[in-house]
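The values are calculated or read from the model by the stated rules, or taken from the named source; none is laboratory data. The structure presented is a predicted model; accordingly, all values stated were derived computationally and were not measured. Counting neighbours? That spans all protein chains shown, and the Cβs are built from the backbone with ideal geometry, glycine included. To get the accessible areas, we keep the full protein, side chains included, count just its heavy atoms, and leave off ligands, DNA and RNA. Shrake-Rupley method; radii C 1.70, N 1.55, O 1.52, S 1.80 Å.
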Amino acid sequence: MNPSDDASASPSSNCDGNDEQSDGKQPLFRGGCNDVTANVPIEGLYEGSNGRYYTDCQLRRRLRTDRWAPCIRQRDPDRRLVETRDGSLLLLTPTDDLPAWAELRIDDRGARVVDTRRPVPNGSLPK
């Protein structure tokens, strides 16, 4: 599948009502067991200084719900510094690659990065 072939179809994202529409490009993010092509426009993928990864949708949602507070945004190179609820600082830098343990999942809440190394709710480890 060639992402540029799908550029003409730009389905809307359900991240939230205030999202900006992307230009229709559907980037190919590498990670997990397979390459994942998003079915909705994904505007950005960020690597956090805490070792976790976030989509632009997750970033906007956390800023909107006051889980994070914006501190500084640098545009060249693009980096964001946010303060978390516990007062910690988190540096977010754009990336195109996901590590093997991360998966990009898209559902009715939008696109999100899931850490597959974490135990499932019943306490057992994923296989």
Expected output for the range 45-74 (first residue within 10 Å of Thr93 (Cα to Cα) and open to solvent by less than 60 Å² (accessible area, probe 1.4 Å), partner among the acidic types (Asp, Glu) and modelled with pLDDT of 95 or more, Cβ below 8 Å, 6+ apart or cross-chain) is Tyr53/Glu47
Say whether the condition of being modelled with pLDDT of 95 or more and open to solvent by less than 60 Å² (accessible area, probe 1.4 Å) is met by at least one residue in the range 92-107. yes
With respect to Asp78, is the statement that it is open to solvent by less than 60 Å² (accessible area, probe 1.4 Å) and at pLDDT below 85 true?
-> no
Exercise for review: Please tell me if Gln21 is modelled with pLDDT under 95 and surrounded by 14 or more Cβ atoms within 10 Å (Cβ to Cβ).
Suggested key: no
Given (1) at pLDDT 70 or above; (2) in contact with a strand residue (DSSP E or B) (Cβ under 6 Å, 6 or more places away or on another chain); (3) within 17 Å of Asp107 (Cβ to Cβ), Gly32 misses just (1)
Residue check for Ala9: open to solvent by 30 Å² or more (accessible area, probe 1.4 Å), more than 21 Å from Asp97 (Cβ to Cβ) and at pLDDT 95 or above
no
